[in-house]
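K.L.:
Have a look at this one before I ask anything.
The values are calculated or read from the model by the stated rules, or taken from the named source; none is laboratory data. Bear in mind that the values here come from a model prediction, so they are computed numbers and not experimental data. Reconstructed Cβ throughout: ideal geometry from the backbone, glycine too, with neighbour counts over all protein chains shown.
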Amino acid sequence: MKHACRALLILLAFAAGRTTVAQDRILMMNGEIHEGRVLGQSTLEVRYLQKRKNGLWKERAEPTEEVFSVIDSLGRERIWYFHDTVFGNDLTTEQMRWFLNGERDARKGYKPIWPMVGAFATGAGLVIGLNWEMNGLFVPPIVAGAMALPRVHVTPGSITDPLMEGDPYYATGYARVGRSKRVVRTLISTFAGVAVGLAVRQLIINPNLDYE
């Protein structure tokens, strides 16, 4: 009976998906938004159907403790987050909403272009200038670790709502995700710089030195 009901729900969701664009939205505590058809909500989990790129529906579940709220297709919101310092929820509901908006904007729009350029140049420059080989592998973790320290500057145009600019909770959420993105991307850029530096050293510089 349980499987029959679930199959019926999937069929209904499939039919609804063909007739309307509006979907339920699940706002996650990491700032992400999952869209689909909510099947059920409880204190343990939120179950929903999510449409794949191939048009098929897949049932998924998210722990309720990782969900901020669920907004149905009519715009009605059920908030699962609660303010309780005992559980580590130090922010109020509205403060957390702004915090999540900052995380979401940073995830979509933050672009650490200049740190990536600097990381690439540092990796390539040190390997070429100091003739490093295996020692060059120590450079990326050091550069990426250093990128966790500077302040995160908001990428122009990444703020979805101008009213959020200057809000401390929004800025904190933006910096949290932005700093993680900067660390990961500078790590990759430095590795790329080291690889290019090794190639230049081995294929261009060293053969000419040996020839002389």
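K.L.:
Which one of 183, 152, 117 is in contact (Cβ under 8 Å) with a residue 12 or more places away in the chain and either surrounded by fewer than 14 Cβ atoms within 10 Å (Cβ to Cβ) or in the same structural domain as residue 28 (by TED's automatic domain parsing) (or both)?
P.N.:
None of the others qualify; the one that does is 117.
K.L.:
Mind checking which residues of the range 107-124 are within 19 Å of residue 196 (Cβ to Cβ) and among the small types (Gly, Ala, Ser)?
P.N.:
118, 119, 121, 123, 124
K.L.:
A further question follows. Just to be sure I understand the filter: pairs with C-beta atoms under 7 Å, separated by 6 or more residues or on different chains, first member in the range 62-85 and within 19 Å of residue 50 (Cα to Cα), second member basic (Lys, Arg). Which pairs pass?
P.N.:
Short answer, once both residue conditions are applied: 69/78; 70/78; 71/25.
K.L.:
Among the residues that make up the range 40-50, is at least one of them within 27 Å of residue 95 (Cα to Cα), surrounded by 16 or more Cβ atoms within 10 Å (Cβ to Cβ) and free of Cβ contacts under 8 Å to residues at least 24 places away in the same chain?
P.N.:
yes
K.L.:
Right, here's the next one. When the residues of the range 51-97 are filtered to those that are among the hydroxyl-bearing types (Ser, Thr, Tyr) and either surrounded by 17 or more Cβ atoms within 10 Å (Cβ to Cβ) or under 17 Å from residue 169 (Cα atoms) (or both), which remaining residue is modelled with the lowest pLDDT?
P.N.:
85
K.L.:
Answer yes or no: is there a residue in the range 7-22 that is outside any helix (DSSP H, G or I) and modelled with pLDDT of 50 or more.
P.N.:
For the range 7-22, residues outside any helix (DSSP H, G or I) and modelled with pLDDT of 50 or more: present.
K.L.:
Another one. Answer yes if at least one residue in the range 147-158 is hydroxyl-bearing (Ser, Thr, Tyr) and not in a loop (DSSP other than H, G, I, E, B), and no otherwise.
P.N.:
Within the range 147-158 (the criterion being hydroxyl-bearing (Ser, Thr, Tyr) and not in a loop (DSSP other than H, G, I, E, B)), the answer is no, since none of the residues qualifies.
K.L.:
Quick test of your reading of the structure: residue 131 fulfils all but one of (1) surrounded by fewer than 16 Cβ atoms within 10 Å (Cβ to Cβ); (2) free of Cβ contacts under 8 Å to residues at least 40 places away in the same chain. Name the failing condition by number.
P.N.:
So the condition that residue 131 fails would be (2).
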